[in-house]
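Step one of this worksheet: look at the structure below.
The values are calculated or read from the model by the stated rules, or taken from the named source; none is laboratory data. Remember, predicted model here, so these are calculated numbers, not experimental data. Glycine gets a Cβ as well: all are built from the backbone with ideal geometry, and neighbour counts include every protein chain shown. Quick note on the areas: whole protein, heavy atoms, side chains included, nothing else; ligands and nucleic acids left out. Shrake-Rupley method; radii C 1.70, N 1.55, O 1.52, S 1.80 Å.
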Amino acid sequence: MAEIRPRPAVRKTANRAAGGGRVRVGVWHRPAVLNLVSDALMLVATAMIGYMLVTWLAARPTFQLREVMVLTPPAQVSSEQLQYAARSVVKGNFFTVDLVAVREAFEKLPWVRKAQVRRRWPDTLEVRLEEHQAVAYWTVNDSGETRLVNRQGEIFIAASNAHMPAFVGPEGYAGYLLASHARFSALLAPLGRELVELGLSAREAWQLTLDDGLVIRLGRDREKAGVEARIARFVEAYPKALAKAPMTIAVADLRYPNGFALLPAGDKKSVESKQ
């Protein structure tokens, strides 16, 4: 009698793609990815709509600039110069005006050192100016071009007829001469004269001119005979020398290590004074 064996049941499987037998699920069946893409698209669309709305509102006539207000009363800059700068560069409306361009336009004015510009709602630009405070005239040794020096030792170009000392020196030495002028003026104060001109040669030799026309040839600053020591010696001995021989002195030569020489006005010979 034949043996009867049960036939194994056939398992039903899902359709599998060829190659590896794995089920391929598309992006449309991934909710997390779809949500991320949807959020990104919404963000981009919102940004574009917002930009278009702001651009449209900014172009409306209701946001036109009505006034440029200078908050710091100018001392050297004229109202005509301020009006010219404003008319030439203030373009657009409250939102579109280029504040950097406005600031640079005001800083190009001759006496303006720095400018600050900001918007004030709804239709005004506020401008604050810092003007140069000129303290000396400046002439470069090589070019001979005359400019001005401010309190910070910076060079700027402007017209002035103010009573100020004159500096002559190499390019880039204006700040050094400004500090040296204060130092030499303090040393010469006992003479009761004003230091009106200070010169520094390319070899760093000093020449000073006082308000009575006296020229002091100071020379270079040497370690053994520094300029300060030579000036102090001159200030002490010069009045005594004039008392002994009253005359008008044109030049005082302080380049000697132990004394100085005086050249009377209109005379080529010098009068030496030694300690």
Would you mind working out the accessible area per residue for the stretch 54-142, using a 1.4 Å probe, and quoting it in Å²?
60 Å²
With every protein chain present, what is the per residue accessible area of the stretch 151-273 (1.4 Å probe, Å²)?
56 Å²
Carbon and sulfur atoms account, in whole percent of the 1.4 Å probe accessible area of the stretch 149-275, for 52 percent
Relative contact order, percent, the stretch 78-236 [alpha-carbon distance under 8 Å, six or more residues apart]
12 percent
Under the Kirkwood approximation applied to all pairs of distinct alpha-carbon atoms, what is the hydrodynamic radius of the stretch 133-275 in Å?
15.9 Å
Both in Å, the radius of gyration and Dmax of the C-alpha trace of the stretch 70-115 are 10.6, 31
Highest-first arrangement of 190-198, 137-145, where packing means the average Cβ count within 10 Å:
190-198, 137-145
Using a 7 Å offset from the Cα along the Cα-to-Cβ direction at both S160 and D39, what is the distance between the two label points in nm, to one decimal?
6.3 nm
How far apart, in nm, are two points set 7 Å out from the Cα along the Cα-to-Cβ line at S201 and at T72?
4.1 nm
